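Novice: Before anything else, here's the structure in question.
Read-outs throughout are calculated quantities, based only on the coordinates presented, and are distinct from any laboratory measurement. Computed from a predicted model, the values in this text were never measured in an experiment. For neighbour counting, all protein chains shown are included, and Cβ atoms are generated from backbone atoms with ideal geometry for every residue, glycine included.
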Amino acid sequence: MTFKKHFFAFIFLIMTAGTLTSCATTANYDAQLDYWIGKSERQLVMRWGIPDKQFRLDADTVMISYVKSDIVSYPGTFSGCVGRYAGPAGFAGCSGIPPSIASYYCETTFIIVKGRVARWGHKGNDCRA
């Protein structure tokens with residue numbers, strides 16, 4: 001195989017492994033949240049800390065949310081250029097992966113009824129454990 005074929009095979013392997021891992025870790029996160037069903041609001045707050053958001057629906061029901069977010073910068077790679085022509089967009093025949101920025105976010109919400117966790121939900125691309 002050529003270098004190019006090895007490189008794309010490696011990228012495919014990394015992407016496939018990441019996809020499989022994220023499915024499994026979301027399931028683990030869900031299982032961890034299931035643990036809190038029936039626990040008191042006090043127990044939840046003692047473990048998770050002060051919520052980022054809170055909304056009282058009625059006298060018996062409160063929604064509390066925890067938010068985590070992160071922005072990650074990936075530097076990319078540069079493996080060189082072939083040729084000497086420098087066109088308007090730069091050198092011709094350059095290879096590598098350009099730099100990128102990724103945003104990760106997870107909001108987990110617990111519904112508390114009469115002081116006990118009744119339900120939970122989450123949204124975002126980083127709800128994993």
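Novice: Can you tally the net charge around Ile101? Count Lys and Arg as +1, Asp and Glu as -1, for every other residue whose Cβ sits under 15 Å from the Cβ of Ile101.
Specialist: -2
Novice: What list do you get for Phe78, Phe110 if you sort them by fewest beta carbons within 10 Å?
Specialist: Sorted ascending by nearby Cβ count, the order is Phe78, Phe110.
Novice: Another question, then. Quick one: Arg116, Arg47, fewest Cβ neighbours within 10 Å first, how do they rank?
Specialist: Arg47, Arg116
Novice: Once the other residues with Cβ under 15 Å from the Cβ of Val117 are scored (Lys, Arg +1; Asp, Glu -1), what is the net sum? Each step should come with its number before you reach the end.
Specialist: On the way: positive: Lys39, Arg42, Arg47, Lys114, Arg116, Arg119; negative: Asp30, Asp34, Glu41, Asp60.
Taking every Cβ under 15 Å from that of Val117, the sum is +2.
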